[in-house]
Structure formats: structure tokens, C-alpha cells
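The values are calculated or read from the model by the stated rules, or taken from the named source; none is laboratory data. Keep in mind that this is a model prediction, so the values were computed, not measured. Glycine gets a Cβ as well: all are built from the backbone with ideal geometry, and neighbour counts include every protein chain shown.
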Amino acid sequence: MNKKILLIEDEEKIARFTELELKHEGYEVAKAFNGRDGLAMAETEEFDLVLLDIMLPELNGLEVLRRIRKFSDMPVIMLTARDAVMDKVSGLDAGADDYITKPFAIEELLARIRVVFKKRGADRSDFGHAFNKDTPKLSAKGVTLDEERHEVMCQGEEIELTHREYELLKTLLQNKNIVLDREKLLNMVCGYDYIGETNIIDVYVRYLRTKIDDRFGIKLISTIRGVGYAIKDENRQEKKSAEGGSKNETE
Ligand code: CA
């Protein structure tokens, strides 16, 4: 499968040229022309790499990077202006994998992209073989979440989730048989300074139910009316604190 790259760059000429070259190399490319749109795309879709300009309208590149790092460790290469040393340092501090100075030769960009992929791939297999060989998977009701592989399976089939759906499911599985209220879930899934309505959690629960419950005919996430959500696994007797649980359970 082709690797998918998200290019966030407001200078249209650079964006178009870079896109063409990347496609020529066999990458899939999605483009955003300002920080806010770019962030929204990174939130809703999984990319193998983000190329992120620093000087962007709406939301600057460093801020976009900081926000991406709250929900994902997808590789990010910053595109910086020549000699903007502070930008490079701040970018790396904020979790960028690398940076490249504009104007750049496309060969240099392609080389850096390959290095990032190789490095990330090596890190992953190092961890896999040396440390996490037997990482227990999270599971309930036939749904398993493999953190190491970032993979969710049910009945032998893989379930494709967005970052936030994945994080929400992971949080609920890690807290199996514990009722979590919307605010707590929002903090855990979106970060403490997320500005938004807690009913966004309801939206993500609905997405998860469509992708899991409806598809596989199971009832994974329980709504605890007036409280929040929980994944209850009857197979386990380890009922921890089920504050307000059991009563008022609905669909
Ligand atoms: Ca720019």
C-alpha cells in the first residue's frame, strides 16, 4: 500500500510542485493550505507522514505540531525558512522528526522522508523484538486492541479507526468495567486543554458503534444514562468501581 503524506503548505507553487514530485515517487498526497485545515485532516485521517510548513495562516505550524502530538506520534517533517534557527529548535522540541530548509531540492526532501520512515520502522521493530514481545492486548467481547501494532480486530477482521476513535476505544478498554463520564473521556482522548463540547464523545461513541457493534452484531460500549460510558465484560469478575453503574443501563 502506498504511504500517505499530508502536505500542509500555504504557498501554492511549492505545494503543487512538491505534490507532483511526491506522487511521482509513489506516495499518496493530501494537501491543506492553512494550519487549521491541516490539523483537521490529521485528526480525521491517518497519515504516514506530515510535511508541515511553519509560517501558515490560521494556525502556525508549531501550534499544529503541538496539537498533533496530543493525539498522534505520526512522523512530522517541518518546512522552515532559511536560517530560522529558533523555528528548527522549537520544531524539534515540539516533537518534529526532522526539518528541511526552504527552498529545498526535492531529492533532499525525498531522502529525509526515507530516513524518517527507516528510523521509525527500525524503532518499531526494535521495540517489538527486544521489549514488547508479549505485550498483552486489550480486549473485551471478542474485540482486541493491539497497542504495539496499533490494530483493532474483531472476528478475525481488522477495524479501521481514526485516531480519536482508537484513543477512545483504548481508554474504555483500559478502564474496563469502570464507568467514565464524558468530561473524563474528553480529557483522556482529546487532551486537557481541548476546547469543545463534551458531546463530541457521544459522536465518537456513535462512530465506534457503527464500525463495531453494527458490523459485528455485538454490544461493546454501554451507555450509563446520566453518567457516561463503559465497556463491561461479564467474563471477568474483577468489577472495580462501577460508580453509578448497573442501574439505568441503556443501549
Ligand atoms: Ca508558508
Can you give me the number of residues within segment 1-15 that are over 13 Å from residue 48 (Cα atoms) and either hydrophobic (A, V, I, L, M, F, W, C) or modelled with pLDDT of 95 or more (or both)? 5
Segment 16-65 - residue that is under 20 Å from residue 167 (Cα atoms) and out of contact with any strand residue (DSSP E or B) (no Cβ under 9 Å at 6 or more places or on another chain) and, of those, surrounded by the most Cβ atoms within 10 Å (Cβ to Cβ): 43
Do the conditions hold for residue 51, that is, is it of a type in the set (A, V, I, L, M, F, W, C), within 16 Å of the ligand (Cβ to nearest atom) and assigned to a loop (DSSP other than H, G, I, E, B)? no
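Results for (1) at pLDDT 95 or above; (2) under 30 Å from residue 168 (Cβ atoms); (3) in a helix (DSSP H, G or I); (4) touching a Cys at 6+ places or on another chain (Cβ under 8 Å), shown as yes or no for each residue.
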residue: 73; (1), (2), (3), (4): no, yes, no, no
residue: 86; (1), (2), (3), (4): no, no, yes, no
residue: 91; (1), (2), (3), (4): no, yes, yes, no
residue: 96; (1), (2), (3), (4): no, yes, no, no
residue: 112; (1), (2), (3), (4): no, no, yes, no
Condition first: within 19 Å of residue 73 (Cα to Cα), in contact with a helix residue (DSSP H, G or I) (Cβ under 9 Å, 6 or more places away or on another chain) and not acidic (Asp, Glu). Now tell me which residues in segment 33-46 satisfy that. 35, 36, 38, 39, 42, 44
Give all pairs with beta carbons closer than 8 Å in which a residue from segment 149-160 that is assigned to a strand (DSSP E or B) meets a residue that is surrounded by fewer than 16 Cβ atoms within 10 Å (Cβ to Cβ) and basic (Lys, Arg); count only pairs at least 6 apart in sequence or on separate chains. 154/215; 159/215
Might you check whether a residue that is at pLDDT 85 or above and under 24 Å from residue 67 (Cβ atoms) occurs anywhere in segment 116-135? yes
